[in-house]
């Protein structure tokens, strides 16, 4: 009797695992015959016994995955697929062996997840919307298509931002997808669009407001430049000095001082400069420059290098250059700048030896006193003799016009700038000339427009597309000689 009781207890111990395994396989068979309710009932019973039954959970995943099932739900199938994979390592060897006969094992569990991942990604791809890809990213983070979904979502979102093409749309993209491959381009476009929209008025006030609101903008320097150009449209000592007082922290303060020094020398002895402007930022340098500019320099050659001495034989520029401009050998250096060569590259220094133009250019020439043209890859730019760049090297030719303007040529079209580099017109004209003092003649498509100097300066045409200042009422313009 005792042995029968022990045998009964042993069978009781063994039955549950087998029964549970049998319920799993039975539920799986019912499911494959599309007997959904019976399959679900068996799964529930198995899970009541063991909520972590990986086989039953897998069958439940298949239950929700079956497209013939009215209760089919892909996200639910995915949830149970992950749970089955998680609990499977805890399953007894006996149950694994039993389930394997029906094809339920760790490989099928993983394959089930991969299949669901693919189906979910396919749904997102079919819609091809930011929202559907975002849903996939949020709900299927372990899918192999996760990275591709992010890539596609970002591309669609960026295309939408480009279609709106506003600084707000790019800002929203950057804030939402800061790690996107397009984020760098979006930031660049945001900065451009923001600057253009906030400074559309083209006034000093608009640029001041921009600097106050966006002090870290990469367009800070350009905003400061615009203020400098507009404020100093009169191109007078007073305008530059007032600018320095009003904008003492501007990046263009030193350039303003350079123009003051240049303009001062035209009407006053250079020696009086510091007496008139004791607030100049570098009195020691300017004293040295004033003294040096009085001297004529001559090349001196020693150990295959060149330097410069004055008429008294005193070495003024150290002997360290490979060559110097050929005209210096006979005439000496009378200008305020010196052309020197190092490794076959030309650069310019002032008479103190300070480099004012580096070795980036193929040629440097004087346009007029105080202004130097540079050439790079066949294009010309412009520098102030003190070393400040006024125009980048992007013009086919830079000429003086009527002593007050720079005539710029680009792609065969002409435009005007002031001598301090402020653009006055777009490069949109076939020709520009000055038939009379203080008068400008613009030619475009065989028609002509006449403007007085001051009219052009007053328009402050800073935006290339703005041609409102020009009308073309004339088809022919001739100069008439005075007869009385």
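Considering 258, 250, which residue is in contact with a strand residue (DSSP E or B) (Cβ under 6 Å, 6 or more places away or on another chain) and either free of Cβ contacts under 8 Å to residues at least 12 places away in the same chain or in the same structural domain as residue 279 (by TED's automatic domain parsing) (or both)?
258
Got a number for residues in the stretch 159-185 being surrounded by 17 or more Cβ atoms within 10 Å (Cβ to Cβ) and either assigned to a loop (DSSP other than H, G, I, E, B) or over 15 Å from the mean Cα position of the chain (by Cα) (or both)?
Qualifying residue count for the region: 6.
Is it true that residue 421 is touching a residue at least 60 places away in the same chain (Cβ under 8 Å) and either farther than 23 Å from residue 252 by Cβ or assigned by TED's automatic domain parsing to the domain that holds residue 478 (or both)?
Answer is yes for this residue.
Do we find that residue 159 is out of contact with any helix residue (DSSP H, G or I) (no Cβ under 8 Å at 6 or more places or on another chain) and outside the structural domain of residue 219 (by TED's automatic domain parsing) in this structure? Even if it seems obvious, please write down each step before you answer.
On the way: out of contact with any helix residue (DSSP H, G or I) (no Cβ under 8 Å at 6 or more places or on another chain): yes; outside the structural domain of residue 219 (by TED's automatic domain parsing): yes.
Yes, satisfied.
Quick check on this structure: which one of 89, 70 is touching a residue at least 24 places away in the same chain (Cβ under 8 Å), surrounded by fewer than 19 Cβ atoms within 10 Å (Cβ to Cβ) and more than 50 Å from the chain's Cα centre (by Cα)? Let's see the steps before the verdict.
On the way: 89 fails: touching a residue at least 24 places away in the same chain (Cβ under 8 Å).
Being touching a residue at least 24 places away in the same chain (Cβ under 8 Å), surrounded by fewer than 19 Cβ atoms within 10 Å (Cβ to Cβ) and more than 50 Å from the chain's Cα centre (by Cα) holds for just one of 89, 70, which is 70.
Mind checking which residues of the stretch 92-110 are exposed (fewer than 13 other Cβ atoms within 10 Å of the Cβ) and assigned to a helix (DSSP H, G or I)?
93, 94, 97, 107, listed by residue number.
All but one of (1) outside any strand (DSSP E or B); (2) modelled with pLDDT of 70 or more; (3) over 36 Å from the mean Cα position of the chain (by Cα) hold for residue 448; which doesn't?
(1)
Against the definition (out of contact with any helix residue (DSSP H, G or I) (no Cβ under 8 Å at 6 or more places or on another chain) and exposed (fewer than 13 other Cβ atoms within 10 Å of the Cβ)), how does residue 188 come out, yes or no? Lay out the reasoning, then the answer.
Working: out of contact with any helix residue (DSSP H, G or I) (no Cβ under 8 Å at 6 or more places or on another chain): yes; exposed (fewer than 13 other Cβ atoms within 10 Å of the Cβ): yes.
The answer is yes for residue 188.
For the stretch 230-247, which positions are in a helix (DSSP H, G or I) and in contact (Cβ under 8 Å) with a residue 12 or more places away in the chain?
230, 231, 237, 240, 241, 243, 244, 246
Here is a list: 243, 262. Which entry is over 30 Å from residue 344 (Cβ atoms) and in contact with a helix residue (DSSP H, G or I) (Cβ under 9 Å, 6 or more places away or on another chain)?
Just one listed residue meets the conditions, 243.
Any idea which of (1) more than 12 Å from residue 386 (Cβ to Cβ); (2) surrounded by fewer than 15 Cβ atoms within 10 Å (Cβ to Cβ); (3) not assigned by TED's automatic domain parsing to the domain that holds residue 338 is the one residue 282 doesn't satisfy?
Residue 282 satisfies all of (1) more than 12 Å from residue 386 (Cβ to Cβ); (2) surrounded by fewer than 15 Cβ atoms within 10 Å (Cβ to Cβ); (3) not assigned by TED's automatic domain parsing to the domain that holds residue 338 except (1).
Can you tell me which residues in the stretch 55-67 are within 53 Å of the chain's Cα centre (by Cα) and under 15 Å from residue 96 (Cα atoms)?
57, 58
Whether any residue in the stretch 218-229 is part of a helix (DSSP H, G or I), outside the structural domain of residue 251 (by TED's automatic domain parsing) and over 30 Å from residue 253 (Cα atoms) is what I want to check.
no
Quick grid of which residues meet (1) at pLDDT 95 or above; (2) assigned by TED's automatic domain parsing to the domain that holds residue 314; (3) within 43 Å of the chain's Cα centre (by Cα):
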position: 265; (1), (2), (3): no, no, yes
position: 271; (1), (2), (3): no, no, no
position: 300; (1), (2), (3): yes, yes, no
position: 303; (1), (2), (3): no, yes, no
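Could you check the stretch 358-372 and list, in sequence order, the residues that are surrounded by 18 or more Cβ atoms within 10 Å (Cβ to Cβ) and over 18 Å from residue 334 (Cα atoms)?
361, the sole residue that qualifies.
Looking at (1) at pLDDT 90 or above; (2) closer than 28 Å to residue 362 by Cα, which is the one condition that is false for residue 433?
Of (1) at pLDDT 90 or above; (2) closer than 28 Å to residue 362 by Cα, only one is false for residue 433: (2).
The values are calculated or read from the model by the stated rules, or taken from the named source; none is laboratory data. All values reported here derive from a predicted model rather than from experimental measurement. No Cβ is skipped: glycine too gets one built from the backbone with ideal geometry, and neighbour counts run over all protein chains shown.
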